[in-house]
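Inspection log for the structure reproduced underneath, given as structure tokens.
The values are calculated or read from the model by the stated rules, or taken from the named source; none is laboratory data. Treat the numbers as computed from the prediction; the structure is a model and nothing was measured. Here the Cβ is made from the backbone with ideal geometry for all residues, glycine too, and neighbour counts use every protein chain on show.
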């Protein structure tokens with residue numbers, strides 16, 4: 001229960017890594033605001049059925065007013081915001097190469113993955129800085145560490161997240177706030193639900209470990225970075241990727 | 001108690017980061033073999049006094065036969081070695097620049113910091129690979145990430161540790177063993193005891209967060225990397241440095 005008494009905001013909490021993070025953070029004792037466009041209430045209900053405290057808000061991370069509302073709700077219901085996990089993110093719906101990508105889809109990906117994470121930090125940091133304490137974890141990606149075909153706009157946003165994490169960490173390093181990122185490798189989430197299982201198996205076989213990671217693997221390291229155990233860690237991009245980026 | 005029933009071998013356990021790591025592993029439920037040239041017994045006693053399980057072995061990490069003895073002692077007393085923390089390390093006793101370093105001191109530093117860590121891995125890996133399960137954490141350094149004046153031979157060994165950590169992680173990535181390193185920033189240990197207080201204060205002020213890390217900060221992330229929570233993390237060099245490496 002290393003997050004007892006803390007209040008966490010988790011985006012993308014309706015499924016996948018965000019869902020696992022909300023559940024793990026709640027299991028460690030934090031009250032959780034589950035934020036997502038869809039299914040946030042499913043995760044919040046799961047947390048409550050385990051005896052945890054959670055509130056669901058259906059919101060779009062691109063919407064600054066929605067962020068203000070989420071912070072206000074957290075403060076009303078739980079008194080403060082201590083922890084932010086910026087997990088919401090998307091991959092392209094069409095081909096994502098520098099040549100094949102469209103302007104509309106490029107702008108959508110950048111708005112959700114990059115602008116959404118920035119708006120989240122901007123929304124919670126004033127309260128954290130006033131208290132002199134807070135923890136933020138952003139989600140970068142393997143694509144921020146190595147080049148991956150078919151992920152042009154996605155990679156740009158994840159590289160941006162890595163750099164912004166370092167910048168924000170140093171900007172507020174003396175204010176009691178730590179800001180880190182996790183770079184997940186190939187993690188099995190609903191994002192791959194449309195992919196042929198035989199292809200998924202071949203993709204997994206090509207990973208150094210031979211297995212895809214689980215959302216819980218990412219959630220566990222986010223919980224570590226949120227905890228007092230990690231108070232001297234800031235500005236880092238921690239790869240949780242089964243050795244992919246160093247193979 | 002995330003290391004319940006595990007057996008840990010910790011070098012440099014007589015003081016500083018090694019002692020804090022031995023104590024933290026024991027507090028998480030592991031049985032610990034405390035290895036060091038001096039004071040390993042005091043650490044083992046402190047662990048026992050706190051209700052933990054520990055044994056001490058006085059050894060030089062440069063000696064392959066001492067490693068064989070340590071693994072034998074751990075196996076005899078606790079059944080096996082699940083976790084290895086290669087912490088023993090030294091800085092130069094004289095001036096450590098490329099020009100001024102002596103051959104004798106260069107060889108001593110390389111022998112302890114690099115060869116000693118390799119011998120440790122070589123000693124515990126066969127048992128880990130047989131059981132298809134094991135965790136190794138090596139100690140790199142801020143000096144593996146950035147250039148630090150007056151630490152030539154030391155930097156070389158720590159860069160070598162980072163490279164070797166990646167290599168060993170991939171070599172055995174399908175063998176159930178994870179191998180990671182921590183890059184500690186400026187951590188207050190007995191190593192700085194000879195330094196004048198005013199200079200120490202000036203040094204701390206030069207760190208982004210404005211203060212030194214504690215050995216416990218490193219121990220906490222080692223415990224995370226040793227735990228099931230970190231099963232999908234391998235080959236990483238995790239900086240625990242108050243933002244130093246990113247500033």
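Side notes on the structure shown:
- Within region A:198-226, the set of residues being under 13 Å from residue A:187 (Cα atoms) and assigned to a loop (DSSP other than H, G, I, E, B) comprises A:207, A:209, A:210, A:211, A:212, A:214.
- Flag for residue B:183 being in contact with a helix residue (DSSP H, G or I) (Cβ under 7 Å, 6 or more places away or on another chain), away from every other protein chain (no Cβ under 12 Å) and surrounded by 17 or more Cβ atoms within 10 Å (Cβ to Cβ): no
- Subset of region B:127-154 (residues that are part of a helix (DSSP H, G or I) and either touching a residue at least 24 places away in the same chain (Cβ under 8 Å) or under 19 Å from residue B:242 (Cβ atoms) (or both)): B:127, B:128, B:129, B:131, B:142, B:143, B:144, B:152, B:153, B:154
- Residue match in region A:162-170 (condition: free of Cβ contacts under 8 Å to residues at least 60 places away in the same chain, within 12 Å of another protein chain (Cβ to nearest Cβ) and either more than 30 Å from residue A:5 (Cβ to Cβ) or outside any helix (DSSP H, G or I) (or both)): yes
- Of all the listed residues (B:232, B:211), the sole one being part of a loop (DSSP other than H, G, I, E, B), at pLDDT 95 or above and either more than 7 Å from chain A (Cβ to nearest Cβ) or surrounded by fewer than 22 Cβ atoms within 10 Å (Cβ to Cβ) (or both) is B:211.
- Set B:90, B:110: member being assigned to a loop (DSSP other than H, G, I, E, B), touching a helix residue (DSSP H, G or I) at 6+ places or on another chain (Cβ under 9 Å) and more than 22 Å from residue B:230 (Cβ to Cβ): B:90
- Count of residues meeting criterion [more than 7 Å from every other protein chain (Cβ to nearest Cβ) and surrounded by 24 or more Cβ atoms within 10 Å (Cβ to Cβ)] in region A:201-220: 2
- Counting the residues of region A:123-150 that are in contact (Cβ under 8 Å) with a residue 60 or more places away in the chain and surrounded by fewer than 19 Cβ atoms within 10 Å (Cβ to Cβ) gives 1.
- Qualifying residue in region A:176-184 (condition: in contact (Cβ under 8 Å) with a residue 40 or more places away in the chain, touching a helix residue (DSSP H, G or I) at 6+ places or on another chain (Cβ under 6 Å), buried (at least 24 other Cβ atoms within 10 Å of the Cβ) and assigned to a helix (DSSP H, G or I)): no
- Here the condition is being at the interface with chain A (Cβ under 10 Å from one of its Cβ atoms) and either within 17 Å of the chain's Cα centre (by Cα) or without any contact (Cβ under 8 Å) to a residue 12 or more places away in the chain (or both); of B:189, B:157, B:165, it holds for B:165 alone.
- The lone exception for residue B:247 - which of (1) at the interface with chain A (Cβ under 9 Å from one of its Cβ atoms); (2) closer than 21 Å to residue B:149 by Cβ; (3) in contact (Cβ under 8 Å) with a residue 40 or more places away in the chain; (4) touching a helix residue (DSSP H, G or I) at 6+ places or on another chain (Cβ under 6 Å) it fails: (3)
- Any hit, region B:116-124, residues being at pLDDT 95 or above, surrounded by fewer than 22 Cβ atoms within 10 Å (Cβ to Cβ), over 22 Å from residue B:244 (Cα atoms) and out of contact with any helix residue (DSSP H, G or I) (no Cβ under 8 Å at 6 or more places or on another chain): no
- Test: residue in region B:62-78 that is within 16 Å of the chain's Cα centre (by Cα), closer than 21 Å to residue B:132 by Cα, in contact (Cβ under 8 Å) with a residue 24 or more places away in the chain and not in a helix (DSSP H, G or I): no
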